[in-house]
Each structure stands twice: as C-alpha cells, then as structure tokens.
Amino acid sequence: MKTNIGSANLPWKSAWITGAGRGIGAELSRLLCRHGVTVYGSARSTEQLAQLQQELASSSGAFIPVPVDIGDLDRLQQQFKRWDQQGIMPELVVLNAGTHDAFLASDFSAQRCKALLDINLQGTINCLDPVLYRYLHRDGENNIAKRLTVEQEVSGSRGHIAVVASVAGYRGLPTAAAYGAGKAALINLCEALRLDLQGSGVKLQLINPGFVRTPLTEQNDFVMPALMEADEAARRIVKGLLSQRFEIVFPRRFVYLLKLFRLLPYGCYFSLIKRITGG
Ligand SMILES: NC(=O)c1ccc[n+]([C@@H]2O[C@H](COP(=O)([O-])OP(=O)(O)OC[C@H]3O[C@@H](n4cnc5c(N)ncnc54)[C@H](OP(=O)(O)O)[C@@H]3O)[C@@H](O)[C@H]2O)c1
C-alpha cells in the first residue's frame, strides 16, 4: 500500500538535497517539488540535474541544480557564501549523497576504503559544517544560548537536517567493511549531534533505509529482501520528516528484524548472517 502524505503544503519553503541526480534523492526532489517546495539539488553530474530541472519545470515548486562534489569542502563553502550573498539558506537539508563499493577482504585496500569514506562519511561532514554554522549562528549569535518555546524546539524552527545512513551501519555485513564503517560512523555522529542540538531549535533526524531499488542497488547480484521502490522510499522519508521521530526507517519489518540482530551475541550473529547470505 502506498504511503499517503496528503495534499497539504509541506512546512518547508526550500530544501537542499544532496545526491539529487538519481535514485532516492531524485524521487525525494520530485515529491517535494510537487508539493510546492523549492529544491536545490546537488550531485556531480550536471546532466542528471538538468534533466530533473526540465522534468519538474511545471511543478508547483522549483528544482534548481547546484552541481557540487560533496568531497570538496572548499567548493561547498564557496557555494554557501554565494547563497549568503543571495539571502538563500534552505530550511530543510537532506544529506543523502552516497555510493557503494563492495569488496571482499582479499581485495581490501586503503585507497578503496578512503575513496568511499571520503564521500559517504567525510562528504556528509563537509556538508554539515556550513549548514550547522548557519543554522546555529544566524544573525551573528549562537542560537543555542537562546530560549525557545517547546513548539519552536520540536518544529526545527531554526533549521531541519536529515542524514541518510543505512541499516548496513547497524552491524558488520559481508563485502561491506568500508560502506558499513562509514554508515555506522554516520549513525553515531547523528546520535551525538542530536544530543548536542537539544534546545537549539535545529531538528536533526537520521534516515536508515533497507534495500531500495535505485541505480546503486542495480549492481547487486543477490536477492534483496523487502526491496522497496524509490518513490515509496521518498514518501516514507517525507512522512518521517514530518514526525518527531529521530530515526526514520523503512521497510519497517525488515529493519526491525535487523535491529533484533543487534542484540545477538557475536557467535549467533556471525553464523546467522553466514547462513542468510550463503557465505
Ligand atoms: N538504495 C539503497 O538500497 C540504499 C539503502 C540504504 C542506504 N542508502 C543510501 O541512500 C543514499 C542514496 O542512495 P541511492 O541508492 O539513491 O544511490 P544512487 O542511485 O547511486 O544515487 C546517489 C546520488 O548521490 C550522488 N553522489 C555520489 N557521490 C557524490 C559526491 N561525491 N558529491 C555529490 N553527489 C554525489 C550521485 O550523483 P553523482 O554520481 O552524479 O555525483 C547520485 O545523484 C546513499 O547515501 C546510500 O548509501 C541506499
């Protein structure tokens, strides 16, 4: 059954979505644009962003391509300075850009790990830097020091950030040493920031998807349990963003099972995963 987010206008006028060129980020951009949001969409490939802009030209919102490599902190800072000059600071930020490189221990290399972590972990951190600075120090003050009403506090009145990690960050999985390590680090980073941001009016949420059909998972040569379509994933994300939950997960039953796996002692966990993945 399709998730229904209703036809009402969403609470954000503008959003910055990284990894907007295809997959989950593109579907999320489509959904937000069709609900009247101005989406600034980032990725490295300008063609995919331009195509999406054309496709969404007649939507009630707007899609504005902002090509940038999230691995390049200097370019990101320059982009934010340009936005400062234009008086732009998106109210919602979804840090979704990421990639995968599956390899066995026999192919382990520092270079491959670094290439993946530079995007999935450091790239996300690079994006958080200018965003948190602007949300927390808007008007030249440290907003953490200000008192907020309960409503302002929970609504993310000073900004709303969501970070896309993965259930692969819950526990180690075969061929995912670098991917899982980056996603586990993102989960921990968000938990810590969530605590630090309490009382600041900046709402921070963590998105942990299971398998979603996208160009990224097209390369997988195994059966993906509970595979979800990307447009449904986008609806689940928006529904979650409208809630006060810290962690947004889907498909729920699959993710809850993986959460249970987190409680297993190593001996049970390793033999169970070996059996499930046929290793
Ligand atoms: N699909 C799943 O089953 C699944 C499950 C759990 C978590 N996730 C996570 O969800 C996110 C989106 O995944 P997806 O499946 O939609 O992947 P995808 O189809 O491969 O799309 C990834 C997007 O990220 C962009 N991107 C990659 N590297 C970038 C960089 N250095 N700078 C800027 N943009 C970059 C890509 O554009 P360019 O290559 O043009 O830059 C593309 O637009 C990822 O973080 C992924 O780890 C996915």
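Give me the number: length gained by fully extending Asn220 to Asn4, i.e. 0.36 nm times residue separation minus the C-alpha to C-alpha distance, one decimal in nm.
Net length gain for the segment: 74.8 nm.
Could you rank Tyr266, Tyr256 by how accessible they are, 1.4 Å probe, largest area first?
Tyr266, Tyr256
Bin by bin, in steps of 10 Å, what percent of the Cα pairs in segment 199-279 do you find, going until the bin that has the longest distance?
15, 38, 31, 14, 2
Over the heavy atoms of Leu193, what accessible area does a 1.4 Å probe trace out, to the nearest 10 Å²?
40 Å²
Enumerate the calculated ³J(HN,Hα) couplings along segment 266-274 in order (Karplus 6.51 cos²θ - 1.76 cosθ + 1.60, θ = phi - 60°), each rounded to whole Hz, writing x wherever the residue is Gly or Pro.
Coupling constants for segment 266-274: 3, x, 5, 4, 4, 5, 5, 5, 4 Hz.
Taking all protein chains together and a probe of 1.4 Å, list Arg44, Arg236, Arg138, Arg253 from the most accessible to the least accessible.
From most accessible down to least: Arg253, Arg44, Arg138, Arg236.
Please build a GNM for the chain, connecting alpha carbons under 10 Å apart, and tell me which residue among Arg30, Arg245, Arg235 fluctuates the most.
Arg245
Expressed in nm to one decimal, what extension gain is obtained for the pair Asp69 and Leu264 from 0.36 nm per residue of sequence separation less their Cα-Cα distance?
Here the answer is 66.3 nm.
Once you've got the GNM for the chain with C-alpha springs shorter than 10 Å, pick whichever of Glu91, Glu218, Glu55 has the biggest mean-square fluctuation.
Checking each option, the largest mean-square fluctuation is seen for Glu218.
Using only the heavy atoms of the protein chains and a 1.4 Å probe, how would Phe254, Phe63 rank by accessible area, largest first? Present the calculation step by step, with values, prior to reporting the outcome.
Values: Phe254 35, Phe63 10 Å².
Final ranking, largest accessible area leading: Phe254, Phe63.
From the phi angles alone, apply the Karplus equation (6.51, -1.76, 1.60; θ = phi - 60°) to segment 191-201 and give each ³J(HN,Hα) in whole Hz, x where the residue is Gly or Pro.
Calculated HN-Hα couplings, in order: 4, 5, 5, 4, 5, 5, 8, 4, x, 8, x Hz.
At q = 0.10 Å⁻¹, what log₁₀ I(q)/I(0) does segment 1-131 have when each alpha carbon counts as one equal point scatterer in the Debye sum?
Here the Debye-derived log intensity ratios amount to -0.36.
Lysine pairs in the chain with alpha-carbon atoms under 19 Å apart, 8 or more places apart or on different chains: how many are there?
Close lysine pairs under the 19 Å cut-off: 8.
What distance in nm separates the simple spin-label points at Tyr256 and Asp118, each placed 7 Å from Cα in the Cβ direction?
Between Tyr256 and Asp118, the label points sit 4.2 nm apart.
Rolling a 1.4 Å sphere over the protein heavy atoms, what is the accessible area per residue of the chain, to the nearest Å²?
51 Å²
Sort out for me the Cα centre separation of segment 224-268 from segment 24-60, rounded to whole Å.
25 Å
Let me cross-check Arg34: its accessible surface, 1.4 Å probe, with only protein heavy atoms counted, in Å² to the nearest 10?
140 Å²
Within a Cβ distance under 14 Å of Ser29, other residues only, what is the Lys/Arg minus Asp/Glu net charge?
Result for the neighbourhood of Ser29: +1.
Using a 1.4 Å probe and ignoring any ligands, DNA or RNA, find the accessible area of Lys13 and quote it in Å² to the nearest 10.
Near enough 150 Å² of accessible area.
Enumerate the amide H contacts of Ile64 below 5 Å, restricted to partners 5 or more residues apart or on another chain; note that Pro and chain-start residues carry no placed amide H.
Close amide H contacts, sequence-distant or interchain: Val39, Tyr40, Gly41.
Taking the Cβ-Cβ separation of Lys13 and Ala57 as r and a Förster radius of 22 Å, what is the calculated FRET efficiency to the nearest 0.05?
0.75
Pop out the carbon and sulfur fraction of the accessible area of segment 209-270 as a percent, whole number, probe 1.4 Å.
The value for segment 209-270 is 61 percent carbon and sulfur by accessible area.
Using just the Cα positions, wrap the chain in a convex hull and report its mean projected area in square nanometres, one decimal place. Write out the running numbers ahead of the final one.
Values: hull surface 62.9 nm².
That works out to 15.7 nm².
The values are calculated or read from the model by the stated rules, or taken from the named source; none is laboratory data. Treat the numbers as computed from the prediction; the structure is a model and nothing was measured. Because the Cβ atoms are built from the backbone with ideal geometry, glycine has one as well, and the counts that use them run over all protein chains shown. To get the accessible areas, we keep the full protein, side chains included, count just its heavy atoms, and leave off ligands, DNA and RNA. Shrake-Rupley method; radii C 1.70, N 1.55, O 1.52, S 1.80 Å.
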